[in-house]
Amino acid sequence: MEATMKDVMQANPYEAALKNFDMASDQLELDYDIRMMIRNPERALTVNIPVRMSNGRIESFVGHRVQYNTARGPAKGGIRFHPNVTLDEVKALACWMTWKCAIVNIPFGGAKGGVACDPKKMSTQELEHLTRRFTSGILPLIGPAMDIPAPDVYTNPQTMAWIMDTYSMMKGYSVTGVVTGKPVSLGGSLGRNEATGRGVFYTIQSAADVLNIPMKGAKVVVQGFGNAGSVAAHLLDSAKNYVIAVSDSTGCIYNKNGLDIPKLIMHKSRTGTVVGFPNAEQITPEELIATRCDIFVPAALENSITPENAQKVDAKIIAEAANGPITPEADAILFEKGVFIIPDILCNAGGVTVSYFEWAQDESHVFWDENEVYSRLEKIMKTSFADVMKIQRDRKVNMRLAANMLGISRVAEATRLRGLYP
Ligand code: GLU
């Protein structure tokens, strides 16, 4: 289920990101000089992307790449294609990538890219031209040692293959390490496609452990059945949870006894929608959010939980597979209600963690098997969860603040050690 335009207008994600930065910096009693060095994005590039469309005419699209911070290593973050992309949204997402990479302690800074377009209405050829022209626009910024894009909303391994090819053509030789989330046959990593959803699953296991909620038999609601949501649903289903409600941008479905997730995945890939799945009743987005469950997984876009619907959420755990699904005002309401939130920058960090594995494999030319990827991912996700939990307990703050504190303190430490240039 997508956020409505009204919701998007209501909450500017960049303001939310800065608000969280300020709160965490206050808690950390972060030095004023360091705040001045890390509060704002290092670099932002906006490019015009003219594309010849199938009807023979040229349309022009706007794209952005924002490098928020590179104190800990090359900039890292996905590229999204979506009609609502704005520079402020990309800045917020780049900011979150920075703290996210620091929380899982991988040697990357944070970046994000986005093109305002409606990929669902574009042909494959139009998308290829858009991707290649955008890549050439941001070419001065990207590279395996500088800034490494990856998939995000409505981009996928094929998009990454086009970026890798365009960059390699400009260089004159193949550079696999310029993007992650590539097809495995082009230097992609085993397990990267499932990594975000798998990471979400590991953090849910940790949270259920802390809260003493038995995973077996727990009721789950998943909002958004894309890459992250469907994989998380599949793993939860395999762990004997009941996934009772699921939505995508076309509608919401419900079955109180649990949906057959493997069959639903097949249904969605065949029809492009979760709607019309046999043995399920259709419900409204409002009903989905109000469905009583143990674990609610928002896996769609920003701002899907607002002050208007937060009160209706009836879950013990919210696992933020999406980036920024809860507005700051809604966050306060849910905290009051006692809902345990696994914040996005921790919960969905599995994607970028396996991106790091992919980049390390590309750069070393040595490739790992799937078990190696999964066991390293599980270790990193569970250690990071425990690190955030420790701050939450020691400092008596909520999980979001604790996650921001961990990420920001690591970036601040790197910045302090490096000092101010010149
Ligand atoms: N787009 C994903 C995220 O928001 C992955 C980024 C990456 O792998 O670089 O975390």
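The table below lists the values:
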| quantity | calculated |
| --- | --- |
| Relative contact order (%) - criterion: Cα under 8 Å, at least six apart; region: the stretch 180-311 | 24 percent |
| Span from the the stretch 380-422 Cα centroid across to the the stretch 70-126 one, whole angstrom | 21 Å |
| Helical segments meeting 18 Å axial Cα length and Kyte-Doolittle -0.5 threshold in the chain (DSSP H) | 13-28, 87-103, 157-171, 195-211, 350-364, 399-418 |
| Residue order, fewest to most beta carbons within 10 Å, for Val354, Val104 | Val104, Val354 |
| Gyration tensor verdict on the stretch 9-52 (Cα atoms; rounded if a/c is under 1.5, prolate if a/b is larger than b/c, oblate otherwise) | oblate |
| Exposure proxy order (Cβ contacts within 10 Å, fewest to most) of Thr166, Thr271, Thr180 | Thr271, Thr166, Thr180 |
| Highest-fluctuation residue, Asp331, Asp387, Asp369 considered, GNM on the chain with Cα pairs under 10 Å | Asp369 |
| Dipole moment magnitude, nearest 20 debye, the chain about Cα centre, only Lys, Arg, Asp, Glu C-beta charged | 380 debye |
| Whether the stretch 1-117 is rounded, prolate or oblate, judged on the alpha carbon gyration tensor where a/c under 1.5 counts as rounded | prolate |
| Cα lying deepest toward the dipole's positive end in the chain, options Leu236, Thr180, Gly56, charges on Cβ | Thr180 |
| The stretch 1-148: relative contact order as a whole-number percent, Cα under 8 Å and 6+ apart | 25 percent |
| Residue (of Ser304, Ile342, Trp359) at the positive-pole extreme of the stretch 266-422, dipole from beta-carbon charges | Ile342 |
| Sorted largest first, extent of the stretch 184-315 alpha carbons per principal axis (Å) | 46, 38, 29 |
| Span from the the stretch 216-295 Cα centroid across to the the stretch 311-338 one, whole angstrom | 19 Å |
| Relative exposure of Cys117, Cys101, Cys347, judged by other C-beta atoms within 10 Å (fewest first) | Cys117, Cys101, Cys347 |
| Mean separation of Cα contacts under 8 Å, 6 or more apart, over the residue count of the chain: relative contact order % | 18 percent |
| Percent of beta bridges antiparallel (DSSP, the chain, rounded to nearest 5) | 50 percent |
| Rounded, prolate or oblate (a/c below 1.5 giving rounded, otherwise prolate when a/b exceeds b/c) for the chain by Cα gyration tensor | rounded |
| Inter-site label distance for Ser375 and Ala145 at 7 Å from Cα along Cβ, in nm | 3.4 nm |
| Charge dipole (debye, nearest 20) of the stretch 315-422; +1 at Cβ of Lys and Arg, -1 at Cβ of Asp and Glu | 680 debye |
| Given charges at Cβ of Lys, Arg, Asp, Glu: the stretch 149-300 dipole, positive-most of Gly191, Val246, Val210 | Gly191 |
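Every number in this text was worked out from the coordinates using simple rules, so none of it is lab data. Just so we're clear, the structure is a prediction, and the values are computed from it rather than from any experiment. Quick reminder, even Gly has a Cβ in these numbers, built from the backbone with ideal geometry, and neighbours come from all protein chains shown.
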